[in-house]
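Encoded as structure tokens, the structure appears first; notes follow it.
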Amino acid sequence: MEKTKVKKRIVLVPVPAQGHVTPMMQLGKALYLKGFSITVVQTQYNRVSSSKDFSDFQFITIPDSLPDSLINLGALQFLIKLNQTCEASFKHCLGQLLQEQGNDDAIACVVYDEYMYFSKAAVKEFQIPSVVFSTTNATAFVCRSFLAKVNADKFLIDMKDSEMQDKVFAGLHPLRYKDLPTSAFVPLESIIKIYTETVNIGTASAVIINSASCLESLSLARLQQELDVPVYPVGPLHIAATAPSSLLEEDRSCIEWLNKQKPSSVIYISLGSLGLMETKDVLEMAQGLKNSNQPFLWVIRPGSIPTSEWTESLPDEFSELVSERGYVVKWAPQMEVLRHSAVGGFWSHCGWNSTLESLGEGVPMICRPITGDQRVNARYVESVWRIGVQLEGELEKGTVESAVKSLLVDEEGDEMRKRAIDLKEKLKASARNGGSSCSSLEDFVNSLKMKTS
Ligand code: UDP
């Protein structure tokens, strides 16, 4: 009788935030399809449900002992705290997994999100192979690596100089000082601290990155030069593997609404899972959108307008502005929305997943980055791939109106759409058999199988 082949195990450690959980689960699915067993170690906060899509995955929850209020700290401070509180519980969890494992389903490696750097201590102690998963891109990684070494005092002085802000940063063309992944909400010292941890990959034997060589070959080459271990660009993972892992309930009524709109007429607006909006900006946007005369689908996440559960604190003017051509939801099935033929443009904060999803569907973008690597992505959308426009400075209804028209009405928008569709084809080709991202994933899997056979 043929013996059932037992699979080697890969342990995944995602950051408990939508923009990180999504690509990690996609990677998990892709590795599962290559013949590995998957264990997901997650925190109590923002757990992924073990739905039918992941019925063969093992999920383990480790205590994170974070009081709820920390969740309002802001992303970077939250991550710093998370890393402090999870180190011991992860070590304990990994120790138990090692005790329980048989010879056949032994852990082949731990794949941890670059921001879950507490994992480094446990894999070192137990001498388990590990791999860093970067859910951003090589350009952002290179920027973080630069910022980790910067002289904070001098850099702060430079950043306050308005002429300097617009200067292209030597060696990172076409990024300007103001495009570097810093944050107006977090002290530079904290940013440097966390970036230092993320770019120091400890004993990891490789870096997997959710990007593709057709998007940023120079940055990938530069990153490979900086690191002593192989870098595997395997993205966009959402093309390679379907892994629905929405942490919020999707409102599917917006698809019915889209079904009633003309092709390429709708602007879809979403600021991701963490972006916040001030009331005055919401009103300028609503006025500009109305004046553009284009239909719009707007995701306003509960809690994204400070002091309001949802939209109830907004003046009546808001409902009047959106009632004619707008449709507002709390959370949308974004990939399906971007795939819909009625969608002609995406107003985005340019989180890396949203950017990849837009590129993957050939949808041009209006970029309104808020913080961190979103600025890097926005600059690439506008100046490298030339498939969008960036709205900089104060939000004003006139600029909102012309940005929407430039994408959906003007010739300029048609050119951007052509380039976006061209890029979409390149990305699809890279994810197909023989394509660069597909081969890169194969190379990673083969190297892992060789080490563990
Ligand atoms: N997203 C979604 N529905 C929404 C808004 C966002 O499913 O209404 C998903 C989107 O498809 C993307 C993720 O949330 O995969 C957001 O990740 P991203 O990296 O773009 O931004 P972040 O939330 O990390 O700032």
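FYI, it's all coordinate maths here, none of it is from the lab. All values derive from a computational prediction rather than experimental measurement. Neighbour counts are summed over all protein chains in view; Cβ atoms, including those assigned to glycine, are modelled from backbone coordinates with ideal geometry.
Points to keep in mind about this one:
- Calculated on alpha-carbon atoms, Rg and Dmax of the chain in Å: 22.0, 75
- The charge dipole of the stretch 252-428, taken about its Cα centre with unit charges on the Cβ of Lys, Arg, Asp and Glu (plus for the first two, minus for the last two), comes to roughly 680 debye.
- Amide H to amide H, with H built 1.01 Å from N, HIS340 comes under 5 Å of no residue 5 or more places away or on another chain.
- For the chain, size of Cβ-based charge dipole, Lys and Arg +1, Asp and Glu -1, in debye: 1420
- In Hz, Karplus ³J(HN,Hα) per residue of the stretch 381-394 (6.51, -1.76, 1.60; θ = phi - 60°; x = Gly, Pro): 4, 7, 9, 9, 7, 6, 10, x, 10, 9, 9, 10, x, 4
- Taking a sphere under 11 Å around the Cβ of ASN377 and counting the other residues whose Cβ falls inside, with K and R at +1 and D and E at -1, yields a net charge of -2.
- A simple rule links phi to the HN-Hα coupling: the Karplus curve 6.51 cos²θ - 1.76 cosθ + 1.60 with θ = phi - 60°, which for the stretch 351-364 gives x, 5, 5, 4, 4, 5, 5, 5, 4, x, 10, x, 9, x Hz, with x for Gly and Pro.
- Net length gained if the chain between LEU247 and ASN200 were fully extended (0.36 nm per residue, minus Cα distance): 14.0 nm
- Cα-based helix-to-principal-axis angle, 138-148 vs the chain, degrees rounded to 10: 80
- Long-range HN-HN contacts of TYR232 with modeled amide H, under 5 Å: VAL207, ILE208, ILE209
- Set of the stretch 427-452 residues, backbone N closer than 18 Å to the point 7 Å along the Cα-Cβ line of SER217: 427-432, 434-441
- DSSP bridge orientation in the chain - percent antiparallel, rounded to nearest 5: 0
- Near the amide H of TYR268, within less than 5 Å, lie the amide hydrogens of LEU297, GLY344, GLY345, PHE346, TRP347, all on another chain or at least 5 residues away, with H placed in the peptide plane.
- Distance between the stretch 124-195 and the stretch 201-236 - C-alpha centres, whole angstrom: 17
- Rounded FRET efficiency, nearest 0.05, which uses the C-beta distance separating GLU392 from GLU320 and R0 of 30 Å: 0.60
- Backbone N atoms of the stretch 170-201 closer than 11 Å to the 7 Å Cα→Cβ label point of SER383 belong to residues 170-180.
- When each of LYS120/LYS451; LYS8/LYS120; LYS124/LYS149; LYS193/LYS451; LYS160/LYS193; LYS8/LYS124 is checked by Cα-Cα distance, pairs over 26 Å: LYS193/LYS451
- Modelled this way, with points 7 Å down the Cα-to-C-beta line, the labels at ASP228 and THR61 are 4.0 nm from one another.
- The slack between SER51 and GLN77, meaning 0.36 nm per residue of separation minus the straight C-alpha distance, is 6.3 nm.
- The stretch 70-130: C-alpha gyration tensor shape, a/c 1.5 cut-off, then a/b vs b/c: prolate
- Reported value for the stretch 252-428: 104 Å³ per residue, from the convex hull of its C-alpha atoms.
- The Kirkwood hydrodynamic radius of the stretch 319-389, based on inverse pair distances between different Cα atoms, is 12.8 Å.
- A simple count of charges around GLY344, restricted to other residues whose Cβ falls under 12 Å of its Cβ and scoring Lys, Arg +1 and Asp, Glu -1, yields 0.
- For the stretch 370-453, the dipole from Cβ point charges (+1 on Lys and Arg, -1 on Asp and Glu) about the Cα centre works out to 620 debye, to the nearest 20.
- Kirkwood Rh and Cα Rg combined as Rg/Rh, the stretch 134-241: 0.99
- Ordering PRO369, SER304, GLN287 by Cα displacement along the dipole of the chain toward the positive end leaves PRO369 in first place; charges were set at the Cβ atoms of Lys, Arg (+1) and Asp, Glu (-1).
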